Amino acid sequence: MYVASALELRDGDRERLRAVTRSTTASAGLVQRARIVLLASDGVPNTEIAARTGSTRPTVLKWRGRYEDAGIVGLGDLPRPGRAPEIDEVSVLAETLADKGKPPAELGVTHWSSRLMATRLGISFATVARIWRKWNIQPHRIETFKFSTDPELEPKIRDVVGLYLNPPANAVVVSVDEKSQIQALDRTQLALPLRPGLPERQTHDYVRHGTTTLFAALEVATGRISADACYPRHSNVEFLAFLKRVAKAHPRVKLHIVVDNYATHKHPEIQKWLDKNTRITLHFTPTSCSWLNMVEIFFGIITRQAIRRGTFTSVSDLETAIRDFIDAYNDRAKPFTWTATDDDIITKINRKITSDTRH
């Protein structure tokens, strides 16, 4: 019977092939081919090589021949015949954005998913997802917006932003608002503490012990809360009482107070009090622009750091926690830096309005 002669290896290939057989990352096919070539170099008959490697004699002959022709490079996979499939990205994007990005009504869904789009186009959902990522298309996300209809939009923006960027000399600017309906929530079980690999855990259900409304005045120059109070309601009575606290916290000085367009802030009783206290001036943010009120930044901070994850057995417990937080916050408070000019804001608002497809 004919026995093939030992396969002659190129210089240095034996160690390289052995390294392939020991590799934990090389493909199983490549490891098998390396073993075939190594056994062939030791003079092992082709039939025995096939038995040892779990292949067939024609396979052994194939990889012996590939190595003889091209060395280790010849053990790799050759390009498969046929043309690589081409995906028309433009078609995928056009279909995704057609009809304002809304799927046909017969599908009964509000937005596309990669699997729905893949089924519609006859391609894989992974391809659709890759194209969406490349072009930053996110059908699953939605953002909200609102245009102010205030007829005095521009002058109010210039007034409030002017106070932030160029406060009047020898005057104090404070930002005032109320955070209403803060709930005193008591979890039904004790929270499970933070541990390595596990966040703090709370029960999803709770007992509601009532609500309170936090009134706060943020001093723009220092970032401190210069006055605060919790009331069960937030009518003009409570707002007037709070204005008096703010005035008492800043005596004998011109006081400019930024507030939003809540009707309570414009109540006749408020106006009557302002007429008697001419050193105090209210400045109103435009309708639907309460984000211009700097104290809203503080409300976001206290919500995240003291209220949302808190457990309170009563409204009194909640109000104590709020006061404790404000006391500690004032010790480390720094002024918020307002950077957007009134022209920047107005230009951006006008750009959004003119780009709205309804116009």
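The values are calculated or read from the model by the stated rules, or taken from the named source; none is laboratory data. As the structure is a computational prediction, the values presented were derived from the model and not from experiment. In this analysis, Cβ positions are derived from the backbone assuming ideal geometry, glycine residues included, and neighbour counts consider all displayed protein chains. The protein model used for the area step is the full one, side chains on, heavy atoms only, and it has no ligands, DNA or RNA in it. Shrake-Rupley method; radii C 1.70, N 1.55, O 1.52, S 1.80 Å.
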Output for Cβ contacts, cut-off 7 Å, separation at least six or different chains, first residue without any contact (Cβ under 8 Å) to a residue 60 or more places away in the chain in the stretch 314-329, second of a type outside the set (S, T, N, Q) and open to solvent by less than 60 Å² (accessible area, probe 1.4 Å), reads A321/A306; A321/G310; A321/F312; F325/I302; F325/A306
Condition test on H234, is it surrounded by 13 or more Cβ atoms within 10 Å (Cβ to Cβ) and outside any loop (DSSP other than H, G, I, E, B)?
no
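Being of a type in the set (A, V, I, L, M), assigned to a loop (DSSP other than H, G, I, E, B) and within 29 Å of the chain's Cα centre (by Cα) is the filter here, so list the residues in the stretch 181-218 that pass it.
First, the residues of the stretch 181-218 that are of a type in the set (A, V, I, L, M): 182, 184-185, 190-192, 194, 198, 207, 214, 216-218.
Keeping just the survivors that are assigned to a loop (DSSP other than H, G, I, E, B) gives 190-191, 194.
Once the filter is applied, which keeps residues that are of a type in the set (A, V, I, L, M), assigned to a loop (DSSP other than H, G, I, E, B) and within 29 Å of the chain's Cα centre (by Cα), the stretch 181-218 yields A191, L194.
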When you check A263 against the structure, is it over 26 Å from I301 (Cβ atoms) and at pLDDT below 90, yes or no?
yes
Given the structure, is T313 part of a loop (DSSP other than H, G, I, E, B), under 30 Å from L190 (Cβ atoms) and at pLDDT 90 or above?
yes
Quick one: how many residues across the stretch 29-63 are among the charged types (D, E, K, R) and farther than 14 Å from R14 by Cα?
4
Qualifying positions in the stretch 37-73 - in a helix (DSSP H, G or I), of a type outside the set (S, T, Y) and open to solvent by less than 40 Å² (accessible area, probe 1.4 Å):
V37, L38, L39, A40, N46, I49, A50, V60, W63, R64, G65, G71
Matching entry among L78, L121, L107, L93 (being open to solvent by 100 Å² or more (accessible area, probe 1.4 Å), modelled with pLDDT under 90 and not charged (D, E, K, R))
L78
Single match in A169, A221 (criterion: open to solvent by 60 Å² or more (accessible area, probe 1.4 Å), within 25 Å of T303 (Cβ to Cβ), in a loop (DSSP other than H, G, I, E, B) and not aromatic (F, W, Y)):
A221
Assuming I297 fulfils every condition listed in (1) touching a Leu at 6+ places or on another chain (Cβ under 9 Å); (2) buried (at least 16 other Cβ atoms within 10 Å of the Cβ) apart from one, which condition is it?
(2)
Evaluate the following for L198: is it open to solvent by 50 Å² or more (accessible area, probe 1.4 Å) and without any contact (Cβ under 8 Å) to a residue 60 or more places away in the chain?
yes
Answer yes or no as to whether K272 is in contact with a Pro (Cβ under 7 Å, 6 or more places away or on another chain), open to solvent by 50 Å² or more (accessible area, probe 1.4 Å) and under 23 Å from N236 (Cα atoms).
no
